[in-house]
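J.: Before I ask anything, let me first share the structure, which is written out below as structure tokens.
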Amino acid sequence: RHGLDLALSYIYMNKANALTELAIYDQALEYHFKGAEIKEKLNDTKGLMQSYHNIGNLYSQISKIEEALLYYRKALNVAIQLRLVTSLGNLYSNMAVTLARLDRNDSVPYYYDKSIGSFEATGDKAGLAMAFNNFGNYLLEQRLLNESEDYLMRALELRRQLVNVNHLANTLINLGNLMIEKKNNKIAEVYFNEALEIVKEQNGLVKGDVL
């Protein structure tokens, strides 16, 4: 019976993810909570962390930011308890992004630093590039232009080594925006032109990072 219940909890989670893709958010939340309840009863703490993370993502997607923060924090606490080092980078990053959306800026650099450290510890170059890019963009929004440039250039260096050209274009656009703020329009144009060429080659639109 234990095995059947555990399988059911993951079926609920997968159904919730499918409903999220269809933008049927209320039902998606119902299935996420059903799956999480079973995992809690069965003491499947790693699976429960995954459910909490998914719930946080869904709340973030529908702009229920306080609720998203609550479930990201729940997921992070479980990940720390179980030493799930491969999950920590994204969870710390999601905490930083969510706190920034709530204008709780005192804590944002702490969580980005923790995210960067976690990705460095696991050797996750794509995750590290994402954290550098997102922190750099956050610093740009805070008008900390030199600090922003430092992190965006780190992101650019890594993303030139990786295969996701849309993410590379995203960082180039961020650097272009930064250069406009620094009144260096010629360099801004170089970044924008490179991003444009990437988009033309891909024949698609540039999307922001998915956490």
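J.: Which values of log₁₀ I(q)/I(0), to two decimal places, follow from the Debye formula for the chain at q = 0.17, 0.18 Å⁻¹ with a uniform point scatterer at every Cα?
T.: So the normalised log intensities work out to -1.17, -1.24.
J.: Send over a whole-number figure in Å² for the accessible area per residue of the stretch 1-81, probe 1.4 Å.
T.: Working: 4490 Å² over 81 residues.
Each residue of the stretch 1-81 exposes 55 Å² on average to a 1.4 Å probe.
J.: Right, here's the next one. Over all directions, the average projected area of the alpha-carbon convex hull for the stretch 103-149 comes to how many nm²? All intermediate terms of the calculation are to be shown ahead of the outcome.
T.: On the way: hull surface 12.5 nm².
If I average the Cα hull's projected area over directions, I get 3.1 nm².
J.: What number, in percent, do you get for the relative contact order of the stretch 10-124 if the mean sequence gap of Cα pairs under 8 Å and at least 6 apart is divided by its residue count? Intermediate results must be reported in sequence, preceding the final value.
T.: Values: 132 pairs, mean separation 19.7, N = 115.
17 percent.
J.: Check cross-link reach from residue 34 to the lysines: straight Cα distance under 30 Å, and skip same-chain residues fewer than eight apart.
T.: Once the sequence-local lysines are set aside, what remains near residue 34 is 15, 46, 64, 74.
J.: Something else now. Over the stretch 56-207, what is the mean sequence separation of C-alpha contacts under 8 Å (at least six apart), divided by residue count, expressed as relative contact order in percent? Walk me through the numbers on the way to the answer.
T.: Numbers: 182 pairs, mean separation 20.5, N = 152.
Computed over the stretch 56-207, the figure is 14 percent.
J.: Sum -39500 (n - 2.57) across every DSSP H segment of at least 4 residues in the chain, then divide by the residue count to get the 222 nm mean residue ellipticity, nearest 500. Walk me through the numbers before you get to the answer.
T.: Values: 10 runs with 171 residues, N = 211.
Rounded to the nearest 500, the figure is -27000 deg cm²/dmol.
J.: Run the dipole for the chain about the Cα centre, Lys and Arg Cβ at +1, Asp and Glu Cβ at -1, nothing else charged, and hand back the magnitude in debye, nearest 20.
T.: Details: 23 positive and 25 negative charges, 70 e Å.
Value, rounded to 20: 340 debye.
J.: Rounded to whole Hz and in sequence order, give me ³J(HN,Hα) for the stretch 101-114 from the Karplus expression 6.51 cos²θ - 1.76 cosθ + 1.60, θ = phi - 60°, writing x for Gly and Pro.
T.: Coupling constants for the stretch 101-114: 5, 8, 6, 9, 6, 4, 9, 4, x, 4, 6, 5, 4, 5 Hz.
J.: Among 102-108, 170-176, 143-149, what's the highest-first ranking by average C-beta atoms within 10 angstrom per residue?
T.: Working: 102-108: 12.4, 170-176: 24.0, 143-149: 15.0.
Averaged packing, sorted descending, gives the order 170-176, 143-149, 102-108.
J.: Hey, what angle do you get for helix 125-141 against the long axis of the chain, alpha-carbon based, 0 to 90 degrees rounded to 10?
T.: 60
J.: May I pose another question? List the lysines whose Cα sits under 29 Å from the Cα of residue 182, skipping any in the same chain fewer than 8 residues away.
T.: 114, 125, 200, 207
J.: Still on this structure: For the stretch 18-57, take the alpha-carbon Rg, divide it by the Kirkwood Rh, and send me Rg/Rh. It would help to have the intermediate numbers written out before the result.
T.: Values: Rg = 10.2 Å, Rh = 10.2 Å.
In the stretch 18-57, Rg relative to Rh is 1.00.
J.: Next question. For the stretch 132-196, what % of the accessible area comes from carbon and sulfur atoms, probe 1.4 Å?
T.: Values: 1750 of 3410 Å².
On the stretch 132-196, the fraction of accessible area on carbon and sulfur atoms equals 51 percent.
J.: Which value in nm describes the separation of the simple spin-label points at residue 144 and residue 190, placed 7 Å from the Cα toward the beta carbon?
T.: My value for the distance between the label points is 2.6 nm.
J.: State the Kirkwood hydrodynamic radius of the stretch 78-174 in Å, one decimal place, computed from all pairs of distinct Cα atoms. Provide the component values of the computation, followed by the final result.
T.: Working: mean 1/r = 0.0746 Å⁻¹.
Computed over Cα pairs of the stretch 78-174, the Kirkwood hydrodynamic radius comes out at 13.4 Å.
The values are calculated or read from the model by the stated rules, or taken from the named source; none is laboratory data. This is a predicted model, so every value here is computed, not measured. Note: ideal-geometry Cβ built from the backbone for every residue, glycine included; neighbour counts use all protein chains shown. All accessible areas refer to the heavy atoms of the entire protein, side chains included, with ligands and DNA or RNA removed. Shrake-Rupley method; radii C 1.70, N 1.55, O 1.52, S 1.80 Å.
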